[in-house]
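The values are calculated or read from the model by the stated rules, or taken from the named source; none is laboratory data. As the structure is a computational prediction, the values presented were derived from the model and not from experiment. Backbone-built Cβ (ideal geometry, glycine too); neighbour counts: all protein chains shown. Heads up: the accessible areas ignore ligands, DNA and RNA and are worked out on the full protein's heavy atoms, side chains in. Shrake-Rupley method; radii C 1.70, N 1.55, O 1.52, S 1.80 Å.
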Amino acid sequence: MKQFFSFVIKEGRHIVRDRRTMLILFGMPVVLMLLFGFAITNDVKNVRTVVVTSQMDHLTRQAIDRLAASEYFVITATVPTPHEAELLIRNQQADVCIIPAPTGGKSGGGGKWQIMVDGSDPNMAQQWTAYAQQVMVNSQVTSNNSQLPIVNSKLLYNPQMRSAYNFVPAIMGMLLMLVCAMMTSISIVREKERGTMEVLLVSPVRPLMIIVAKAVPYLVLAFVILTTILLMGRYVLDVPLQGSIVWIYLVSTIYILLALSLGLLISNIADSQLMALLLSAMVLLMPIVMLSGMIFPVESMPPVLQWVSAVIPPRYYIEAMRKLMIMGVGIGEVLREVVVLSAMTLLLLFLSLLKFKTRLE
């Protein structure tokens, strides 16, 4: 056991001495959290809005004033005709146009409107329309003059529709997988390139213990990164931690072990650090971003891609973290994700050890 801890300390010192590795391990989580939390966001803010004034009445003015007073829309111009408003949208000078609709030949819209939206970005266009309708319908309710049926909606878990609630669990899944799998595979392949792996294998320590000793520092670093993300998400991005911290760390431990097993498997396949890096990027990065549900909902994908996403481990971890962190459910509600992650961990660990033994022979 003393020899095992000596290998762990040796690998830990090697990581600390490598400034590039330390920059990747601790710089990347902070940068990604700040980018996805503040820069890369789909929150509705400062939408440039144009109002057509040809058919205005008291009720419509109340709705427009409420729209202007909200934090989501900015009234940038008023025009007399819908055609001029459409020209502003086509010239990229506005995003949304509010047109009061005449009713029964009367002047004024009577509380009815047409919303003209720049649909070049369909997702944002849907959000702008939904926000505008919600704000203007609320003004309709307060006026008590509405003839239209009102549907009162309520958003659970994320009433402000902040994108950070979605991105923080996703960043956790991406970073833990990349750091554990990529750095572990590169670390082991580096020993092969330098010819020191043969020296380690002829030492009194069993080969399996050597591999475990090299993975332990990255296991510790993964927990440090996980804690950093959780603290930044809670105190910088105001993302709630509704669920149990114990269950969050327990599920994360299974996921980290899965990532370490995948890194060991990649190290057995790759013969150089460059090849290990390319395999990690191709096998991990693109599928995580595109198919894990990190950005695009899995339910909206074609059936073929949904089947492919079923073998992407971060998909299940991200789903579990969203339920535990945002919804505040118990471990019973994420039992399916835990079982799948555990099965994948055992399978990858078995394949890694099997391949490692074959190479030793």
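Please verify whether the range 263-281 includes one or more residues that are modelled with pLDDT under 85 and under 20 Å from the mean Cα position of the chain (by Cα). Yes, some residue in the range 263-281 is modelled with pLDDT under 85 and under 20 Å from the mean Cα position of the chain (by Cα). For residue 256, the conditions (1) open to solvent by 50 Å² or more (accessible area, probe 1.4 Å); (2) in contact with a Cys (Cβ under 8 Å, 6 or more places away or on another chain) all hold with the exception of (1).
At pLDDT 70 or above and open to solvent by less than 50 Å² (accessible area, probe 1.4 Å): is that true of residue 133 in this structure?
So residue 133 fails the test.
Scanning the range 264-317 for residues that are loosely packed, with under 14 Cβ neighbours inside 10 Å and within 18 Å of residue 218 (Cβ to Cβ) yields a single hit, 281. Can you pull out the residues in the range 47-80 that are open to solvent by less than 20 Å² (accessible area, probe 1.4 Å), touching a Phe, Trp or Tyr at 6+ places or on another chain (Cβ under 6 Å) and not in a helix (DSSP H, G or I)? Across the range 47-80, the qualifying residues are 47, 49. With the structure loaded, tell me whether residue 259 is of a type in the set (Gly, Ala, Ser) and in contact with a helix residue (DSSP H, G or I) (Cβ under 7 Å, 6 or more places away or on another chain) or whether it fails that test. Against the criterion (of a type in the set (Gly, Ala, Ser) and in contact with a helix residue (DSSP H, G or I) (Cβ under 7 Å, 6 or more places away or on another chain)), residue 259 qualifies.
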